[in-house]
1. Return the FRET efficiency for the residue pair ALA20, ASP133: r is the Cβ-Cβ distance, R0 is 35 Å, and the value is rounded to the nearest 0.05.
2. Based on the mean of other beta carbon atoms within 10 Å per residue, what is the order of 26-32, 99-105, 80-86, 2-8, most packed first?
3. Checking the cross-link filter: which lysines have an alpha carbon closer than 26 Å to that of LYS6, excluding same-chain neighbours under 8 positions apart?
4. Can you give me the span-like helices of the chain, meaning DSSP H runs with 18 Å or more of Cα extent along the axis and Kyte-Doolittle mean at or above 0.0?
5. Ranking request for peptides 47-55, 64-72: highest mean number of other beta-carbon atoms within 10 Å first, then the rest in descending order.
6. I'd like the FRET efficiency for GLU108 and LYS66, computed as 1/(1 + (r/R0)^6) with the beta carbon distance as r and R0 of 30 Å, rounded to 0.05.
7. Under the classification rounded if a/c is under 1.5, otherwise prolate if a/b is larger than b/c and oblate if not, where does the chain fall, given a ≥ b ≥ c as square roots of the Cα gyration tensor eigenvalues?
8. Under a crude label model (7 Å from the Cα following the beta-carbon direction), how far is ASP53 from TRP31 in nanometres?
Amino acid sequence: MRQLDKIVVHCSDSGWGDAAVIDDWHRQRGWSGIGYHLVVLNGNLSPHKYDPDSVGRVERGRPDSKIGSHVRGYNRNSLGICYIGGPDHPPDGVVWDVLTEKVVEWCEEYCLDERSVYGHTELDPSKSCPCLDMDKFREDIRDRLNGEW
């Protein structure tokens with residue numbers, strides 16, 4: 001098992017998509033496939049297709065055991081999770097809850113706490129992702145880990 005010390009939160013910077021769409025985008029950039037380990041959907045599967053049953057659905061990207069390709073210089077010791085959205089489509093409601101739940105599961109599995117959770121921009125200031133309040137997100141992670149949710 002890899003030694004992990006970071007969980008990195010990303011956004012797709014689009015209002016729509018799923019793991020297959022991101023896989024295509026990443027392959028178009030010359031990568032071997034999707035760089036994230038998990039993707040949380042917001043229901044907008046394409047610019048013209050909304051599926052309410054897919055809100056909060058989690059799709060697998062790379063296996064946790066495989067090194068991701070999601071944040072330069074930090075891939076070897078991190079897992080990456082991406083929610084579909086961005087500045088115009090922030091995570092809220094179900095998407096926020098599922099994103100938080102999945103990060104908490106990783107924290108528990110890999111013996112990490114909220115201080116090990118980063119937004120992409122915190123590790124690479126040239127990026128604006130994940131377009132959410134990381135202090136609030138880490139607070140929610142801490143509360144859930146402490147059973148205060």
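Rule-based calculations on the coordinates, nothing more; no lab input. Treat the numbers as computed from the prediction; the structure is a model and nothing was measured. Don't worry about glycine lacking a Cβ; one is built from the backbone with ideal geometry, like all the others, and counts go over all protein chains shown.
1. Working from the Cβ atoms, E equals 0.75.
2. Packing proxy ranking, top to bottom: 80-86, 99-105, 2-8, 26-32.
3. Of all the lysines, those that pass the test against LYS6 - Cα under 26 Å, at least 8 places apart if same chain - are LYS66, LYS102, LYS127, LYS136.
4. On the way: long enough: 93-109 (24 Å, 0.18).
Long hydrophobic helices here: 93-109.
5. 64-72, 47-55
6. Result of the calculation: an efficiency of 0.90.
7. Judged from the Cα gyration tensor, the chain comes out oblate (a/c at least 1.5, b/c at or above a/b).
8. 2.9
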